[in-house]
Amino acid sequence: MTLALGLLLGAGLVLTASPWLWPRTARPERTTMSRTRRLLVQAGLPKVSPATLVVVSVALGLAALGVVYVLVPVLPLAVIGAALAAAVPGLVVSHRARVRRRRARTVWPDVVDHLLSAIRSGLALPESLSTLASVGPTDVRAAFEEFDRDYRATGSFGIALDDLKRRLADPVADRLLETLRMSREVGGSDLTSVLRNLSAYLREDAAIRSEVEARQSWVVNAARLGVAAPWIVLVLLATRPEAAAAYNSPAGAVLLAVGLAVTLLAYRLMVALGRLPEERRWFE
């Protein structure tokens, strides 16, 4: 009886933890690769593969390891410098993606207005989207040119729309294009009012985000200054032979590792406090 209860308890614990042990989605490595690929697309680098990003990161890390160790003969500090240098390509891609998303927030209201004008003039939805290749904002014209070519080649609005969503990789584009897909498939007379409300909402959201980001930018700048200052002092101290010998010892390596962990944790907390949450893509 005790064995049966133990087995029953174990089975219950396994079933409780099963959503985290065996998620229904793709494997973690595939999920990580897909997130990296999506980030590259949002950064405007669709032709760069995640493997290329990894190779560049590793090469940069190895180069930084040698350079730092030559300048400052402290092996733990050289390893930390290599790790930070290896993270630079990913940080650059993330920053580029955030800048493009921030710029896109000011572009999409104009896109919706141009699309609304084309629909009111009597054009069909595919032709209305195709007109954005010539009259739309310059940041998105290339994507709509590709849509026009795809639609003319396949004749399928759904396939061309899916490819356009993949190229734009933007949550606002997802909502807009899924609204157009639903309107084309099920019909309805409320499309113009929906687009008008969407344009007004996007302008209001962009204005509020710009104001909040301007007021909270000092938090991010303080986080960067707080992270860089102690390590600059540490590098200057490590140029002295007695300090280099102390940091090369096991106790010095532990001290540097703990300092790095505390620094990264504090930086992530300050950045999280000073950055607004990004809108997720629900219709990928």
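The values are calculated or read from the model by the stated rules, or taken from the named source; none is laboratory data. Note that the structure is predicted; figures quoted are calculated from it, not measured. Note that each Cβ is placed from the backbone with ideal geometry, even for glycine, and that neighbours are counted across all protein chains shown. The area values use the complete protein model at the heavy-atom level, side chains included, leaving out ligands, DNA and RNA. Shrake-Rupley method; radii C 1.70, N 1.55, O 1.52, S 1.80 Å.
Results, tabulated for the structure shown:
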| quantity | calculated |
| --- | --- |
| Matching residues in the stretch 105-126 - criterion: being in a helix (DSSP H, G or I), farther than 17 Å from Thr179 by Cβ and either touching a residue at least 40 places away in the same chain (Cβ under 8 Å) or more than 26 Å from the chain's Cα centre (by Cα) (or both) | Arg105, Thr106 |
| Unique residue being farther than 20 Å from Ser199 by Cβ, of a type in the set (D, E, K, R) and surrounded by fewer than 18 Cβ atoms within 10 Å (Cβ to Cβ) when the list is Asp162, Asp139 | Asp162 |
| Residue in the stretch 190-205 that is of a type outside the set (Phe, Trp, Tyr) and outside any helix (DSSP H, G or I) present | yes |
| All positions within the stretch 118-136 that are under 30 Å from Val99 (Cβ atoms) and either open to solvent by less than 60 Å² (accessible area, probe 1.4 Å) or in contact with a Gly (Cβ under 6 Å, 6 or more places away or on another chain) (or both) | Ala118, Ser128, Leu129, Ser130, Thr131, Leu132, Ala133, Gly136 |
| Among residues of the stretch 209-242, those that are more than 25 Å from Arg98 (Cα to Cα), free of Cβ contacts under 8 Å to residues at least 60 places away in the same chain and either open to solvent by less than 80 Å² (accessible area, probe 1.4 Å) or of a type in the set (A, V, I, L, M) (or both), counted | 7 |
| Test for Leu255: is it part of a helix (DSSP H, G or I), modelled with pLDDT under 85, open to solvent by 60 Å² or more (accessible area, probe 1.4 Å) and closer than 30 Å to Leu75 by Cα | no |
| Filter result (closer than 24 Å to Ala251 by Cβ and either open to solvent by 40 Å² or more (accessible area, probe 1.4 Å) or at pLDDT below 85 (or both)) within the stretch 78-101 | Val79, Ala83, Leu84 |
